[in-house]
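Engineer: Got a structure for you, written out below as structure tokens; questions coming shortly.
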Amino acid sequence: MSFIDLFAGLGGFRLALESLGANCVYSNEWDKYAQEVYCQNFGETPEGDITKVDEKTIPDHDILCAGFPCQAFSISGKQLGFKDSRGTLFFDVARIVKEKRPKVVFMENVKNFASHDDGKTLAVVKATMEELGYSFHARVLNAVDYGMPQKRERIYMVCFRNDINDFGFQFPAPFPLKRHVEDFLLDDESMLEKLYIKRDDMQMNGEPDDKYSNKSIRLGIVNKGGQGERIYSTKGIAITLSAYGGGVFAKTGGYLVNGRTRRLHPRECARIMGYPDSYIMAKNANQAYKQFGNSVVVDVLQYIATEFGRTLQNNRDN
């Protein structure tokens with residue numbers, strides 16, 4: 001199977017689908033720093049600014065992947081279809097779908113996309129895909145339910161071309177978490193020393209116990225305990241990695257490791273997002289934190305792609 005990687009970021013969709021044997025034939029990403037990292041890992045620089053790309057020049061493909069940004073949708077026409085998606089980056093996905101007619105469209109967005117504008121935004125996407133001749137499946141999934149110790153809820157959308165029987169498609173079933181933050185930590189203290197923080201205003205709730213949890217275990221705070229000022233146990237899960245936000249433990253939260261507190265290293269963030277240690281990260285740590293905070297969890301994509309791959313296989317067999 002062939003696929004294209006739109007709004008590619010670090011290539012999380014690409015890692016997931018290539019691991020299942022699919023072949024990437026085109027990529028697009030406008031951010032120059034993400035382009036550089038993508039090129040280092042996949043040997044090609046994604047094309048920029050998708051709004052200026054002629055859809056006719058994009059190679060034919062079986063699967064279109066897109067983690068498009070969530071912007072306000074214009075619904076002035078209230079037709080909730082193709083016309084109402086104009087002016088948004090989703091429209092660029094839609095016009096490529098209209099021209100290239102892939103078998104499957106696989107999209108991801110933030111959890112709030114499902115409820116944005118009282119559900120009208122999601123309704124526009126659904127109506128647009130149906131107008132283009134596709135079925136529409138959507139569900140909010142949490143990475144912690146699929147083997148990754150991070151609270152990261154995202155909406156995933158899978159659309160099948162109408163000539164494909166999709167009645168057997170189901171999103172992957174959740175399963176119990178067996179690994180926790182401590183299983184994703186680095187051992188090399190020389191890389192980590194500068195991440196440790198000691199503060200006079202640190203308040204701990206007591207010593208952590210040895211029980212594991214599929215939730216984040218909060219142990220203490222610094223300052224007033226705002227975002228980026230909370231400390232957690234490594235026996236639990238990570239908070240949602242963020243591309244933005246401040247605080248002493250910005251973007252990752254703080255964790256009690258060997259009796260000291262620190263935020264996560266970019267490589268640990270990569271691991272908690274499902275990226276292998278062979279993945280080349282941005283040399284600038286701030287860029288790396290931002291990029292992983294904006295990325296997709298590779299494992300969740302793999303499980304979903306396995307399911308729609310099974311649906312496609314059933315169609316070939318019948």
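Engineer: Just one of VAL248, VAL296 is over 17 Å from GLU193 (Cα atoms), in contact with a Lys or Arg (Cβ under 8 Å, 6 or more places away or on another chain) and not small (Gly, Ala, Ser); which is it?
Structural biologist: On the way: VAL248 fails: over 17 Å from GLU193 (Cα atoms).
Step by step, each of VAL248, VAL296 is checked, and only VAL296 is over 17 Å from GLU193 (Cα atoms), in contact with a Lys or Arg (Cβ under 8 Å, 6 or more places away or on another chain) and not small (Gly, Ala, Ser).
Engineer: In the range 275-294, is there at least one residue being of a type outside the set (A, V, I, L, M, F, W, C) and within 30 Å of ASN165 (Cβ to Cβ)?
Structural biologist: no
A quick yes/no check of all residues on (1) on the phi < 0 side of the Ramachandran plot; (2) within 18 Å of the chain's Cα centre (by Cα); (3) among the charged types (D, E, K, R):
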| position | (1), (2), (3) |
| --- | --- |
| ASN223 | no, no, no |
| THR240 | yes, yes, no |
| GLY253 | no, no, no |
| LEU256 | yes, no, no |
| ARG262 | yes, no, yes |
| PRO266 | yes, yes, no |
| MET273 | yes, yes, no |
| ILE280 | yes, yes, no |
| ASP299 | yes, yes, yes |
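Engineer: I want to confirm something. Restricting to the range 155-170 and keeping residues that are of a type in the set (Phe, Trp, Tyr) and under 16 Å from TYR303 (Cβ atoms), which single residue is surrounded by the fewest Cβ atoms within 10 Å (Cβ to Cβ)?
Structural biologist: Among those residues, the one meeting the criterion is PHE169.
Engineer: Going by what's in this entry, would TYR244 be described as under 28 Å from TRP30 (Cβ atoms), among the aromatic types (Phe, Trp, Tyr) and part of a loop (DSSP other than H, G, I, E, B)?
Structural biologist: So TYR244 passes the test.
Engineer: A further question follows. Which of (1) in a loop (DSSP other than H, G, I, E, B); (2) at pLDDT below 95 is the odd one out, the single condition ASP163 does not satisfy?
Structural biologist: Status for ASP163: all satisfied but (2).
Engineer: Ok, one more. Looking only at the range 254-271, filter to residues that are assigned to a loop (DSSP other than H, G, I, E, B) and modelled with pLDDT of 95 or more; which one of those is surrounded by the most Cβ atoms within 10 Å (Cβ to Cβ)?
Structural biologist: If we take residues in the range 254-271 being assigned to a loop (DSSP other than H, G, I, E, B) and modelled with pLDDT of 95 or more, then LEU264 is surrounded by the most Cβ atoms within 10 Å (Cβ to Cβ).
Engineer: Filter the range 132-154 for residues that are part of a loop (DSSP other than H, G, I, E, B) and either of a type in the set (S, T, N, Q) or surrounded by 21 or more Cβ atoms within 10 Å (Cβ to Cβ) (or both) and give the result.
Structural biologist: SER135, MET148, PRO149, ARG152
Engineer: Mind checking which residues of the range 272-289 are touching a residue at least 24 places away in the same chain (Cβ under 8 Å), assigned to a helix (DSSP H, G or I) and buried (at least 21 other Cβ atoms within 10 Å of the Cβ)?
Structural biologist: ILE272, TYR289
Engineer: Within the range 30-42, which residues are touching a strand residue (DSSP E or B) at 6+ places or on another chain (Cβ under 8 Å) and either within 12 Å of GLN291 (Cα to Cα) or part of a loop (DSSP other than H, G, I, E, B) (or both)? Give the derivation first.
Structural biologist: From the range 30-42, those touching a strand residue (DSSP E or B) at 6+ places or on another chain (Cβ under 8 Å) are 38, 42; that's our starting set.
Within the range 30-42, TYR38 is the sole residue that qualifies.
Engineer: Are any residues in the range 106-128 among the β-branched types (Val, Ile, Thr), buried (at least 18 other Cβ atoms within 10 Å of the Cβ) and under 20 Å from the mean Cα position of the chain (by Cα), and if so, which ones?
Structural biologist: Passing the criteria: THR121, VAL125.
The values are calculated or read from the model by the stated rules, or taken from the named source; none is laboratory data. This one's a predicted model, so the numbers in the text were calculated from it and none came from an experiment. With ideal geometry, Cβ positions are generated from the backbone for all residues, glycine too; neighbour counts draw on all protein chains shown.
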